[in-house]
Amino acid sequence: MTFLLTLLAAIFVLGPLIALHEWGHYIVARMCGVKVLTYSIGFGPKLFGWTSKKSGIDYRISALPLGGYVKMLDEREGNVAKDEQHLAFNYQHPLKKIAIVAAGPIMNFIIAIALFWVLFMTPSEQLATKIGQVLPDTPAAMAQLPVGDKIVAIDGHDVQTWEGINYRLAGRMGETDNVSITLQSDAQTNQSIKTYQAPVTQFMQGDAQGKDALTSFGMLPWQPQIAPIVGELAPDGAASRQGLQVGDRITAINNQNIDDWISATRIIRDNPEVLLDFTVLRDDKTVQLQIMPQGKKDNLGNNYGQIGAMVDQTEIVIPDAYKTTVVYGPGESLVKSFEKTEQLAVMTVSSMGKMLSGMIGLDNLSGPITIAKVAKQSFDISWQMVLSTAALISLSLAVLNLLPIPVLDGGHIVYHFIELIRGKPLSERVQMVGLNIGLLLLAGFMVLAIGNDISRLF
């Protein structure tokens, strides 16, 4: 059942993005006077579809849903009658060819901008960007960032939400440098602004790999103070097997004092398959236990620990000082959607460059299985998360398709730019060599991505 729901979620999110990508190619081709033969969502054998009586275009849904294509009249793919040569793609001016090829990725950018626009226009109550906690032995601790101050900029870029802070920090993945953090203090009447320099070394790599950007940096938002008292135990969990009981209060883990539940869970998550010394208070008596968190994997294949202990449900009240309502008008929302799209596109390209240079590992590459799992989880959270996930995937499709690799849209654009400069296209032999190289590269990336996906399942 879970597999079926995951598959349906992936189809629901990816299907429209692929369809609209191909529609971009399709509509611009027709506007440029090119005859379209087939509009297909998916590759391989035709599952179902219809043929337009007016245009003769074969609209179809194909068996392999990992993409799609628009087949146009082209002399390179078959004989073209002399009276239809003006309708063939290969007879078009290079600028028309570039427009047709670029239309697909551009459509994905437009989709991402539109979805972010909707999300920005949706009023939301969020945690204010005030630092709620600074973790020890982290860049934030080394920079001595004061708890309670409001984060207003990262590396000179204004930030207004914790999501924006997380994205800015994640963009520094793998780097060794100083991260600039600008804070606004409420301690003085003039609300003074001060910028701190926090040193990072191979940020989010090594021991920090698998942690989110905020945790790796050591700068967290406000979190509720929940007493570290066990409220429920999973019958098959490590905690139950090793003697932890409902009502136990965790006072220390590995001689580190525990004052709240979140601190305990952080230590547990960071130590999968590591034997931990627990000190608990039970009926006013101190009890020593040894518990080894079970190793689990998240969607990106990162290991985390879990002992199967839950806290009692309790009402969480966020202090007014740490709450803020974010509301943008249509115009401001549109500006912010463009800014966010640009930021994430740059971060995506930068991350690719870091993987190729070895700054960050290739295990960060994700494939269709991870995308499907993330899509399924977004449906479990909220409609806003569904839209956000769709926007991120659409943006990724746009950036990936613009890479200058033959077979991809970006590779074809390069070919047509060369044709524009030379006054004639590259020979079919040269193009075929490039396409074969592109196919090998693409196949290699797909094998690596799917291999990463599979490794994250076990």
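List of remarks:
- Computed lengthening from residue 69 to residue 178, 0.36 nm per intervening residue step minus Cα-Cα distance: 34.7 nm
- Long pairs among 296/323; 150/297; 46/71; 35/96; 82/424, criterion Cα-Cα beyond 22 Å: 296/323; 150/297
- Sequence of 26, 196 once ranked by neighbouring C-beta atoms within 10 Å, starting from the fewest: 196, 26
- Length gained when the stretch residue 283-residue 433 is fully extended (0.36 nm per residue, less Cα-Cα span): 46.4 nm
- Here the spin labels are modelled as points 7 Å beyond Cα on the Cα-Cβ line, and at residue 290 and residue 242 they lie 1.0 nm apart.
- Fewest neighbouring Cβ atoms within 10 Å first, the residues 370, 201 line up as 201, 370.
- C-alpha long axis of helix 330-357 to longest principal axis of the chain, angle in °: 90 degrees
- Crossing angle, helix 94-121 versus the chain [Cα axis fit, 0-90 degrees, rounded to tens]: 30 degrees
- Rel. contact order, % - alpha carbon contacts under 8 angstrom, at least six apart, the chain: 17 percent
- Using the Cβ-Cβ distance between residue 315 and residue 84 with R0 = 60 Å, the FRET efficiency computed as 1/(1 + (r/R0)^6) comes to roughly 0.25.
- Taken about its Cα centre, the chain carries a charge dipole of roughly 1700 debye when the Cβ of each Lys and Arg holds +1 and the Cβ of each Asp and Glu holds -1.
- Phi angles across segment 169-174 convert, under the Karplus curve 6.51 cos²θ - 1.76 cosθ + 1.60 with θ = phi - 60°, into 3J(HN,Hα) values of 5, 4, x, 9, 3, x Hz, Gly and Pro given as x.
- Once the chain from residue 163 to residue 257 is taken as fully extended at 0.36 nm per residue, the excess over their C-alpha distance is 30.8 nm.
- About the Cα centre, charge dipole magnitude for segment 230-312 (Lys/Arg +1, Asp/Glu -1 at Cβ), debye: 200 debye
- Here the sum of -39500 (n - 2.57) over DSSP H runs of 4 or more residues, divided by the residues of the chain, equals -14000 deg cm²/dmol at 222 nm, to the nearest 500.
- Think of segment 60-181 as having a plus end and a minus end, set by charges on the Cβ of Lys, Arg, Asp and Glu; of 111, 171, 62, 62 sits farthest toward the positive end of this dipole.
- Listed by chain and number, the aspartates and glutamates placed with their C-alpha closer than 17 angstrom to that of residue 354 are 175, 177, 363; residues fewer than eight positions away on the same chain are left out.
- Cut-off of 10 Å, at most 12 other beta carbons, DSSP loop: longest stretch of the chain lacking such trypsin sites (Lys or Arg not before Pro): 55-458
- Charge-dipole axis of the chain as Lys and Arg at +1 and Asp and Glu at -1 on Cβ define it, positive-most pick from 27, 199, 335: 27
- Given charges at beta-carbon only (K, R positive; D, E negative), |dipole| of segment 382-458 in Debye: 120 debye
- Where the Cα pairs of segment 230-312 fall when distances are cut into 10 Å bins, in %: 19, 57, 21, 3, 0
- Angle between the chain longest axis and helix 409-422 axis [Cα atoms, degrees, rounded to 10]: 40 degrees
- Part-to-part distance (alpha-carbon centres) for segment 271-349 and segment 144-166, which is given in Å: 18 Å
Since every read-out is calculated from the coordinates, none of them should be taken as a lab result. Predicted model only: the values in this text are computed from it and were never measured. Ideal geometry is used to build each Cβ from the backbone, glycine not excepted, and the neighbour counts take in all protein chains shown.
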